[in-house]
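Novice: Sharing a structure here in structure tokens format.
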4 protein chains.
Amino acid sequence: MTAEIVHALSNEALVEQYRNAGFGGRVGWGKKAAVLVIDMAGTWTNPDAMIGSNLEGVTAQIKTVLDAARDAGAPVLFTTMAYDPTYSDVTQVSRLKTPHSSTMLRGEGAADVIPELERRPDEALIEKPRASAFLNTNLISVLVDRGIDTVVVVGCSTSGCIRSTCESAVDLGFHALVPQEAVGDRSESAHIANLFDIDQRYADVITVDDVVKHFAEGA
Amino acid sequence: MTAEIVHALSNEALVEQYRNAGFGGRVGWGKKAAVLVIDMAGTWTNPDAMIGSNLEGVTAQIKTVLDAARDAGAPVLFTTMAYDPTYSDVTQVSRLKTPHSSTMLRGEGAADVIPELERRPDEALIEKPRASAFLNTNLISVLVDRGIDTVVVVGCSTSGCIRSTCESAVDLGFHALVPQEAVGDRSESAHIANLFDIDQRYADVITVDDVVKHFAEGA
Amino acid sequence: MTAEIVHALSNEALVEQYRNAGFGGRVGWGKKAAVLVIDMAGTWTNPDAMIGSNLEGVTAQIKTVLDAARDAGAPVLFTTMAYDPTYSDVTQVSRLKTPHSSTMLRGEGAADVIPELERRPDEALIEKPRASAFLNTNLISVLVDRGIDTVVVVGCSTSGCIRSTCESAVDLGFHALVPQEAVGDRSESAHIANLFDIDQRYADVITVDDVVKHFAEGA
Amino acid sequence: MTAEIVHALSNEALVEQYRNAGFGGRVGWGKKAAVLVIDMAGTWTNPDAMIGSNLEGVTAQIKTVLDAARDAGAPVLFTTMAYDPTYSDVTQVSRLKTPHSSTMLRGEGAADVIPELERRPDEALIEKPRASAFLNTNLISVLVDRGIDTVVVVGCSTSGCIRSTCESAVDLGFHALVPQEAVGDRSESAHIANLFDIDQRYADVITVDDVVKHFAEGA
């Protein structure tokens, strides 16, 4: 984790405590990496939407990551969330807890990946029902099938879907890496606190530059 | 399992061996049942399609089950299989093993539930990537959320998606029941052999009449 | 969530932002609740252990919850973590990230549930490989099988296994409830921050008194 | 699939029907293979046990496979089934359907891998609750973590745990291969019929010789 994030966290006691408990090791890159773009759709990128915020800076950083990956021929996968308007395919408990699911109805456009990222037809789009991209989706099978052992996780929100996806990734045996400028959150304090947790527990928090260099080296 | 099926199986030695090994117990009905209609779409119901066969009789039986369930207010859920034409969302190993996945492309109509079953908007349609309706889909969450502990499995094919779905159901703690006239297969011998296996290992094989009676009793 | 926790969080801006985004709804109790006791073993409860801390107060609160549940005949389940000393049954990436897994070796006693909680033989002990009690364990099947739709999550650590288990619970369609005095963490600030997140996203944060009353009412 | 098996199946019509439907493709070997030894414990290998049968010939073939894998440095993993005597960790529906679970109680020895296979300490032993080695166990994570994309499935029973494990393997994106002499079943007819189904749908049925050659080539 960068010194910048640790500094922003302003909680030296917590950092020390986690270090003593042995958290925060490095997993590094595995043999074959894919970029996993989480929920870059209007529901989240439209600042006027219920759970939206301005993610223009994050979008630009993701484009840098995508350029590097596509140039290197590395796989790219996208996720979004979209429910049937009758909610027949999702749970009531999730609607009770997070009623903003009402902003993610299928066919209304808000769930479409933003055009700036120029998703290509052969870049899978996984519709996920909950925060983790691995929960009740075919993602694990697609990654295993293609021999992908490393996921570079970008998109939003750091405190929600990014964190959950990173946790699932390490739980399932994958190397997970998060370029910190390429993930965003509606709350800056939640962004910082969760980057810290992610780095301590689930994924290596790195920079976009690290990712670009890795793909440039043909890895 | 009905005497009829055991008779059709013509393998008294196998029946005896399974009985001695303790297979074939009854799980019965739980507290709240849903009907799960598996893959009743053109890919399978069109006799001219690669893996299709004539399922008119089965369709009629399913309608009887659906009428009973809907009258009783019991939940109904449907599944189908549909892949992106680029195959970006499925595995290569599944395509190698079962190349008929090429007949299940999204948007071509063959994956749509047949109109005879009159699916209602609030009856969930789960797109599943593989045979079991539970594999990498949100089905488990929807069932838990609604307090459903019993699934009446109908549709096709007995030897493939029906069998797999029943196995997952019992694996995950559900009561599974299969009304034998409401499931079908392109091969009659595979149909019979798999009904036997299903009844011995995963689900109670019963009759459509049993299901109608159960729902009529308001259960 | 109690006013006390919101106050301790000292981040009014964050609270407001989450409220505007629609987070923090109530899921309430379902029809049948079980108590899920997470990781109350020496690895975590021994203050001298690598990731241990003093959890005496939490232990006392858990005993109050267990008394109420057992008196009401409600199911109780325990979890712990324990690895083969060769690490053949776990992942290298998890060891790299959280090397304190070396304190959870099978057969060394540190993974045993502490005797103060008097686990009964018919109260399941689930060995889990990672933070969530649902990840790669038989827990989901056991809960479905017994018609349990609500889990009261107690134990440790709030920021790790409690949080993850609550997220999985709501993801899988369960009602999850966390009595705040009956969960603990080695870091007080992480405890507070994660109770907030849990309450906003995954589970209702309530009090031990709420749980005792619920079970006393025979629910 | 070998001509021998097809011949034994004595159902030319079925074979033809599956071929026309596009089943039975080859998945072949991936990049890194492990041997997965299913349920070679007294519960199944003791001919006097409820679901046991004489598997001496199969045991000898498995030893040949293990010798080849160990010489090549390929990973080996074992499974068994073992329940708490109170059944607190398994489902009632599984006990109702297959009451022979009463022969798989933890600590009674019948669940131990047979000594003939000389399991080494670093060869993982996965306790599985149901037929598939992947269902509610940590197996998927261990395989992903080690970069294993191919499983050579041996052990018993062909019609139960072997079949289910192969289905899960392909569902999850793995290449699965079954050396036919190294899997066994209490029923010869079930053995033959299930080898056919496995080969058509889930895994390539090959010979022990094929496996030995593959490992000898350093693959």
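Novice: How many residues are among the β-branched types (Val, Ile, Thr) and either in contact with a Pro (Cβ under 8 Å, 6 or more places away or on another chain) or farther than 24 Å from C:VAL65 by Cβ (or both) when one looks only at region C:75-128?
Specialist: Matching residues across region C:75-128 total 6.
Novice: Could you list, in sequence order, the residues of region A:83-109 that are surrounded by 21 or more Cβ atoms within 10 Å (Cβ to Cβ) and either within 27 Å of A:ALA33 (Cα to Cα) or more than 13 Å from chain B (Cβ to nearest Cβ) (or both)?
Specialist: Passing the criteria: A:THR98, A:THR103, A:MET104.
Novice: Sticking with this one: If you take the residues in region A:110-128 that are over 11 Å from A:THR80 (Cβ atoms) and not charged (D, E, K, R), which one is surrounded by the fewest Cβ atoms within 10 Å (Cβ to Cβ)?
Specialist: Step by step, filter region A:110-128, then rank; the result is A:PRO115.
Novice: Still on this structure, please answer the following. Any residue at all in region A:198-206 that's in contact (Cβ under 8 Å) with a residue 24 or more places away in the chain and within 14 Å of chain D (Cβ to nearest Cβ)?
Specialist: Yes.
Novice: Among the residues of region C:139-155, write down those that are facing chain B (nearest Cβ under 9 Å) and in a loop (DSSP other than H, G, I, E, B).
Specialist: Scanning region C:139-155 gives C:ARG146, C:GLY147, C:ASP149.
Novice: Oh, and also: Select from region D:160-187 the residues that are among the hydroxyl-bearing types (Ser, Thr, Tyr) and more than 19 Å from B:LYS97 (Cβ to Cβ) and list them in ascending order.
Specialist: Matches in region D:160-187: D:SER187 only.
Novice: Could you check region C:15-72 and list, in sequence order, the residues that are free of Cβ contacts under 8 Å to residues at least 40 places away in the same chain and either aliphatic (A, V, I, L, M) or under 30 Å from A:SER187 (Cα atoms) (or both)?
Specialist: C:GLU16, C:GLN17, C:ARG19, C:ASN20, C:ALA21, C:GLY22, C:GLY25, C:ALA60
Novice: Could you list all residues from region D:105-139 that are acidic (Asp, Glu) and in contact with a strand residue (DSSP E or B) (Cβ under 8 Å, 6 or more places away or on another chain)?
Specialist: Hits for region D:105-139 are D:ASP112, D:GLU123, D:GLU127.
Novice: Within region C:186-195, take every residue that is of a type outside the set (Asp, Glu) and within 10 Å of another protein chain (Cβ to nearest Cβ) and give me the one that is nearest to the chain's Cα centre (by Cα).
Specialist: Per the criteria, the residue is C:ASN194.
Novice: Just for region B:144-163: of the residues that are in contact with a Pro (Cβ under 9 Å, 6 or more places away or on another chain) and among the aliphatic types (A, V, I, L, M), which one is farthest from B:ASP209 (Cα to Cα)?
Specialist: Looking at residues that are in contact with a Pro (Cβ under 9 Å, 6 or more places away or on another chain) and among the aliphatic types (A, V, I, L, M), I get B:ILE148.
Novice: Looking only at helices (runs of 4 or more DSSP H) that fall completely inside region D:35-109, which ones have 3 or more residues that are of a type in the set (Val, Ile, Thr)?
Specialist: D:56-72
Novice: Does D:ALA60 qualify as being more than 30 Å from C:LEU77 (Cα to Cα), touching a Phe, Trp or Tyr at 6+ places or on another chain (Cβ under 6 Å) and modelled with pLDDT of 95 or more?
Specialist: No.
Novice: Next question. Could you go through region D:147-170 and let me know if any residue there is touching a strand residue (DSSP E or B) at 6+ places or on another chain (Cβ under 7 Å), farther than 24 Å from A:GLY147 by Cβ, at pLDDT 95 or above and surrounded by fewer than 22 Cβ atoms within 10 Å (Cβ to Cβ).
Specialist: Within region D:147-170, none of the residues are touching a strand residue (DSSP E or B) at 6+ places or on another chain (Cβ under 7 Å), farther than 24 Å from A:GLY147 by Cβ, at pLDDT 95 or above and surrounded by fewer than 22 Cβ atoms within 10 Å (Cβ to Cβ).
Novice: Moving on. Please work out if A:VAL211 is within 14 Å of chain D (Cβ to nearest Cβ) and either touching a strand residue (DSSP E or B) at 6+ places or on another chain (Cβ under 9 Å) or under 27 Å from D:ILE148 (Cα atoms) (or both).
Specialist: no
Novice: If I go through region B:51-69 residue by residue, how many of them are within 14 Å of another protein chain (Cβ to nearest Cβ) and either crowded, with 17+ Cβ neighbours inside 10 Å or of a type in the set (Lys, Arg) (or both)?
Specialist: Matching residues across region B:51-69 total 3.
The values are calculated or read from the model by the stated rules, or taken from the named source; none is laboratory data. A quick note: this is a predicted structure, and the numbers were derived from the prediction, not measured. For neighbour counting, all protein chains shown are included, and Cβ atoms are generated from backbone atoms with ideal geometry for every residue, glycine included.
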